[in-house]
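The values are calculated or read from the model by the stated rules, or taken from the named source; none is laboratory data. Quantities reported herein were computed from a predicted structural model and do not represent experimental measurements. Cβ sites come from the backbone with ideal geometry, for glycine too, and all protein chains shown count toward neighbours. Keep in mind that these areas ignore ligands, DNA and RNA; they rest on the heavy atoms of the full protein, side chains included. Shrake-Rupley method; radii C 1.70, N 1.55, O 1.52, S 1.80 Å.
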Amino acid sequence: VYADPAKRLELYFRPKDPYCHPVCANRFPTSTMLLRVRRRSKKKQQLEAEERIEPEVQFEMEILGIVTTVYKFQGMSDFQYLAMHSGPDGKQTSMYDKILMLKPEKEEFFNRDLPLYIPPPIFSRLDTPVDYFYRPDIQHREGYNNPQVSGENLIGLSRARRPHNAIFVNFDDEEIPTKPLDAAVQNWNKVCTNPVDKKVEEELRKLFEVRPVWSRNAVKANISVHPDKLKVLLPYLAYYMLTGPWRSLWVRFGYDPRKHPEAKIYQVLDFRIRCGMKYGYAATDMPVKAKRSTYNYSLPITVKKQGSHTVSVHDLKQGLGSAGTSGAKKPPSSRYKLKESIYIFREGALPPYRQMFYQLCDLNVESLQKIIHRNDGTESECTERDGWCLAKTSDDLRDSMSLMIKQTIRSTRPALFSNTTSSENGKEQLQYESGEDEDDEEEEEEEFKPSDGSENEMETEILDYV
């Protein structure tokens, strides 16, 4: 706890009880001294038995050091949930001996009939009292109707999500949209308030003319546009593919990649960096760290982190104009641009995240492009799994990319691969490991599922446009 400034010190009143809820102390800096005090008493000789003489007392003090950190318990103790059962007569019976497994038990221990005992999944997240400042009832204008609340999710957001009016298309849908929804047009016209926004719109139109299918990250790396404005602009110019080989990508209105074999270069590849003992390095040794971890999850025993800087309405109104960039370090032309590595794969460079969604045309390696174009001119059918490519093309690409990444890690951290004796033996070992069964590969890759905050995950993107 002392090594991590974000942690709070826990005190358990019943340390042996796993259902005991602790009280937490906050960490404070201080500059106090630690003293050692000795009290010495020396008795005088008694002259008379009846005479009572007070002993002579001396105090000795010694400064041992300076205390720089102190923990103070300022919060209130929370409810304590005991493993008890209330009988029909109101008598409480302890259930600890029935539900706690202190030693290996036989099957009978698990098959016993016991009263239902479900402890709460989490206790109060706050341990200090706060004042609630209730707002008065809002007086709406005449004709206002409250937003409809879905019966499936009554407990949800405090306000209705702002719709961005994107059109979602599945691989099995027969028709594709040729124009945006009227609401999407109105939304963009409402937000497009200055010449810079018009310029961004024209730049995005040109991108879709050159290439009819784009990922959101690829767009962010090619034009500089505020992320909140991009949410409104993309549904105005393209539709979103939910399933199939072009899932999580934006497609120009009127273009159906399922009818054009040349669209295979725009297909998506879900690539995840492999790790494990059979690959020569564990997850903790990877140069590409996980964006989120369960160890860093915000719990009641941790100090609340500072929130990110929110975007003001003034920023959205000004867009990329000079008025909104007076204190910005980057020029307006590249203020919101992302790096090319966010969507382009190159040999010798590590991806920025452990999971990436690449388009096949953005794999800038000659050997990978040869795998993609193996069936040029002979494409006969577009399947949901492989699109216009040959079967197992994605698996072959992942194997080759994993081999390249391992060689890159080998060059940066040779100590991880000290067992290899020569480069040729190492290459054979890499090829052998990249040819593991498909089942083992999927089992390893399941360790890296998308997190909520990554810049390159389609789950987060879908929520932005619902």
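Across the cross-link table entries Lys198/Lys220; Lys231/Lys339; Lys72/Lys103; Lys7/Lys339; Lys289/Lys370, which are compared at the Cα atoms, the separations over 27 Å belong to Lys72/Lys103; Lys7/Lys339; Lys289/Lys370. The simple spin-label model puts a point 7 Å past each Cα toward its Cβ; for Tyr96 and Ser124 those points are separated by 2.5 nm.
By accessible area, using a 1.4 Å probe on protein heavy atoms only, segment 182-287 has 54% of its surface on carbon and sulfur.
Each Lys and Arg Cβ is given +1 and each Asp and Glu Cβ -1; about its Cα centre, segment 356-405 then shows a dipole of about 120 debye.
Of the cross-linked pairs Lys264/Lys406; Lys206/Lys337; Lys16/Lys106, those separated by over 20 Å at the C-alpha level are Lys264/Lys406; Lys16/Lys106.
Looking at segment 114-273, the accessible area is 63 square angstrom per residue; that uses a 1.4 Å probe and ignores ligands, DNA and RNA. So, with a 1.4 angstrom probe, what is the percent of accessible area on segment 1-118 that is carbon and sulfur? The nonpolar share, carbon plus sulfur, comes to 55 percent.
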